[in-house]
Amino acid sequence: MFSYPVSLKFNITRAKALIESKRAEINIRTTKNGYTMESHPIKMNIDNEQFFDSIGIKSNRKQAEEIVQKGKQAVYEFMERKAEEKNALLGPHKMTIAEARSGRFIKNPQLFLEFIPDAKPEISWTEGYNDINYKKDDLDISWNPGSVNIEYVPYSVEISVDRWSDG
């Protein structure tokens, strides 16, 4: 039998399991909504026009109407007085200008005092109400379940012959 010296070299790589894992994540975002309330209070309506008229205090509208009416009446009285004065000066029983003018300044004013009003204020109201609304909170949920990646690297064996000797 023959023997030859041989140098053998073995390279052995072990098998590997490369494990990569990602954690599971959950994100929850809440948008608060809750209650909304809108109030519509009672509205009071107080009509004092007749009450004030009965004690001598006039509203702006009534004062304007009375002033217009007094202005019209003053024009009619002025025209009537001028016509009477002209007729008195020209008539059969002639008057002097002083006599015609003196008659218009003598007047008897009518005075009265009133302490108890004839009318009461009219009070009314419109009913109030509240609007109450509830809107539930909004949830935004994002979920990543995570993962595990496994990579298997198999073992390997390399055999190499380095030297041969001839003998």
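Residues being exposed (fewer than 11 other Cβ atoms within 10 Å of the Cβ) and on the phi < 0 side of the Ramachandran plot: count how many of those fall in segment 48-66.
So in segment 48-66, the residues exposed (fewer than 11 other Cβ atoms within 10 Å of the Cβ) come out as 56, 60-61.
Narrowing further to those that are on the phi < 0 side of the Ramachandran plot: 60-61.
The total comes to 2.
At least 2 residues that are closer than 30 Å to Asn11 by Cα and either among the hydrophobic types (A, V, I, L, M, F, W, C) or at pLDDT below 75 (or both) in each: list the strands (runs of 3 or more DSSP E) lying fully within segment 83-167 that qualify.
Details: elements: 122-126, 129-135, 138-144, 147-153, 156-164.
Per the criteria, 147-153, 156-164.
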Among residues of segment 1-36, those that are loosely packed, with under 10 Cβ neighbours inside 10 Å, in a strand (DSSP E or B), modelled with pLDDT of 90 or more and of a type in the set (Gly, Ala, Ser), counted = 1
Can you tell me which residues in segment 37-55 are modelled with pLDDT under 90 and either farther than 30 Å from Thr126 by Cβ or of a type in the set (Val, Ile, Thr) (or both)?
-> Ile46, Ile55
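The values are calculated or read from the model by the stated rules, or taken from the named source; none is laboratory data. Keep in mind the model is a prediction, meaning the values are calculated, not measured. Every residue, glycine among them, receives a Cβ derived from its backbone with ideal geometry; neighbour counts consider all protein chains shown.
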